[in-house]
Amino acid sequence: MSYIRFGETGDGKWIGKLFLSKTEIAKGSNGTVILEGVYAGRPVAVKRLVQTHHEVAFKEIQNLIASDQHPNIIRWFGVEHDLDFIYLSLERCTCSLNDLIQSYSDSPVSPALTQGSENEYKVWLDLVNRLDKGVELWKPNGCPSSQLLKLMRDVVSGLAHLHELGIIHRDIKPQNVLISADRSLTAKISDMGISKHLPDNMSSLGHHSTASGSSGWQAPEQLLNGRQTRAVDLFSLGCVLFFCITKGRHPFGSHFERDSNIMKNNVDLFLVEHNPEAVHLFSLLLSPHPEKRPKAVEVLHHPFFWSCEERLSFLRDASDRVELEDREKESELLEALESSQVAAFGGKWGDKLDAPLIADMGRYRRYRFDCVRDLLRVIRNKLNHYRELPRDLQELLGSVPEGFDYYFKARFPSLLIEVYKVMHRHCQDDPSFQKYFTSSGIS
């Protein structure tokens, strides 16, 4: 849907418990319009559908009721109808994720907005003026801020909830994620008009499902009208998260070539190559093979979303785990870990550390500078004994956790994700690592 305007309730009419304003918020397909309104004394966004789409409205109501009360799913308050239309009263939000990203991207005014109407440009200015205070979506280095990461987690959390209920959304895109700014910015999945509830004990909707989704955001199996599973939403999610990180870009190119590129698997991750965790996540989500895409709950606990504390905790636990392996005997875990050496740091890791740290390390034990296991041990030991380090070395490494994490991340940007891949493959069922791979992960 295209966001148009968000103002005060103007002239309108009563339909049952609903007072319907004439003020449009957005327009959708097939004659659907979003209007401002008040339902039972509560300000709402009213989705007006023509009566011929009553089955779509009924299905959307069913799925909204099923997913109600989750903070990252738009709320449904009631329904009214007259001879011509059905009116769904929904939670009123500030704007869409698409509007938010476009408004705060590098360009003072998004090209999409400058090509739009004068009214849309006024809406953009109004949106920026209302949200400008305290909104920081990207850090100065271009990486997503904690605020944007929180919004992205919101989307994943809402999708994980739908999937737990057996609901496939089938139309995840930035325009269908709404932003509430009541207390803090919160993302909420909306527009479930073409969502489907999986039959009991079934994982797919079967072959030749009805067409679904929006051009440029569909999984390849949707474009081919093939077997649709929860994985179609994960592909779309990958496109949406990429859109957020890259300030409105798309992993499959410009609007008119996206569907073709999706079909050919012509994906371009160049804009996130500086972030190894992002590259790994998008490589999974945007896989042309549905079975290789992770579940939504697994995405929530991917290293891309980890805090500094989680990153350091994982590296410390990984070090403790590999130290249990016998160096003299064959160990698949150790072999896999050391085989990641080139990708993790290449060459000798000691060359990338400062002389005072190297000198301090040598006081306690000898390390092999071509060994991933020993690099992990250095990080683990210095973290565990940080307070005992000389003051000048503490200042060199930075404060725990932010500075300490940055010191090693800046020198070995791929270390975390390479170790993660090894541990995920070999220790996924290890009780001490369950928290990193499942829904019981550390908060």
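All of the numbers you see were taken from the coordinates with simple rules; none came from a lab. Quick caveat: nothing in here was measured; it's all calculated off a predicted structure. Glycine gets a Cβ as well: all are built from the backbone with ideal geometry, and neighbour counts include every protein chain shown.
What order, most packed first, do the peptides 407-419, 285-297, 318-330 have when packing is the mean number of other Cβ atoms within 10 Å of each residue?
Highest mean packing first, the order is 407-419, 285-297, 318-330.
For LYS435, which lysines qualify as cross-link partners when the Cα separation must be under 20 Å and same-chain residues fewer than eight apart are set aside?
LYS150, LYS295, LYS421
For segment 334-355 and segment 146-164, what is the centre-to-centre distance using only Cα atoms, to the nearest Å?
Comparing the Cα centres of segment 334-355 and segment 146-164, I get a distance of 34 Å.
Using a/c under 1.5 as the rounded threshold, could you call segment 330-418 rounded, prolate or oblate? The axes a ≥ b ≥ c are square roots of the C-alpha gyration tensor eigenvalues, and prolate needs a/b larger than b/c, oblate otherwise.
Here segment 330-418 falls in the prolate category.
On a 0 to 90° scale, report how tilted helix 146-164 is relative to the longest principal axis of the chain, with both axes built from alpha carbons and the result rounded to the nearest 10.
So the helix axis and the longest Cα principal axis differ by about 70 degrees.
Can you tell me which of 363-369, 141-147, 38-44 comes out highest on packing, and rank the rest after it, using the mean Cβ neighbours within 10 Å?
Answer by packing, highest mean first, reads 38-44, 141-147, 363-369.
Which residue, LEU165, LEU83, LEU49, tops the fluctuation ranking in a GNM of the chain built on C-alpha contacts under 10 Å?
Maximum among the listed residues: LEU83.
Quick check on the chain: helices-only [θ] at 222 nm, where DSSP H runs of length 4 and up contribute -39,500 (n - 2.57) each and the sum goes over total residues. Nearest 500, please.
Helices in the chain give a 222 nm mean residue ellipticity of -11500 deg cm²/dmol.
Which of rounded, prolate or oblate describes segment 10-98 when judged by the alpha-carbon gyration tensor and an a/c cut-off of 1.5?
Rounded.
Let me spell out the model: positive unit charges on the Cβ of Lys and Arg, negative unit charges on the Cβ of Asp and Glu, origin at the Cα centre of the chain. What dipole size does that give, in debye rounded to 20?
Roughly 260 debye, rounded to the nearest 20.
Compute the helix-to-body angle for 402-411: its Cα long axis versus the longest principal axis of the chain, expressed 0 to 90° and rounded to tens.
Taking Cα atoms only, the helix is inclined about 70 degrees.
Which one of ASN266, ASN225, ASN30 has the biggest mean-square fluctuation once the chain is modelled by GNM with Cα springs under 10 Å?
For the chain, modelled as a Gaussian network with Cα springs under 10 Å, the answer is ASN30.
Placing +1 at every Lys and Arg Cβ and -1 at every Asp and Glu Cβ, with all other atoms neutral, what dipole size does segment 137-305 have around its Cα centre, in debye to the nearest 20?
The dipole of segment 137-305 has a size of about 200 debye.
What angle, in degrees between 0 and 90 and rounded to the nearest 10, separates the Cα long axis of helix 276-285 from the longest principal axis of the Cα atoms of the chain?
50 degrees
Just rank PHE252, PHE437, fewest to most, by other beta-carbon atoms within 10 angstrom.
Ordered from fewest to most neighbouring Cβ atoms within 10 Å, PHE252, PHE437 come out as PHE437, PHE252.
Sorted from fewest to most neighbouring beta carbons within 10 Å, what does the list LYS47, LYS13 look like?
LYS13, LYS47
Long-range amide H contacts for TRP138: which residues qualify at under 5 Å (H placed 1.01 Å from N, peptide plane, sequence gap of 5 or more or a different chain)?
SER145
Which of the aspartates and glutamates could a cross-linker span from LYS173 if the Cα-Cα distance has to be under 19 Å and same-chain partners fewer than 8 positions apart are dropped?
GLU60, GLU91, ASP99, ASP154, ASP191, GLU221, ASP233, GLU257, ASP259, ASP268
Which order results if SER195, SER29 are arranged by neighbouring Cβ count within 10 Å, fewest first?
With the sparsest Cβ surroundings first, the list reads SER29, SER195.
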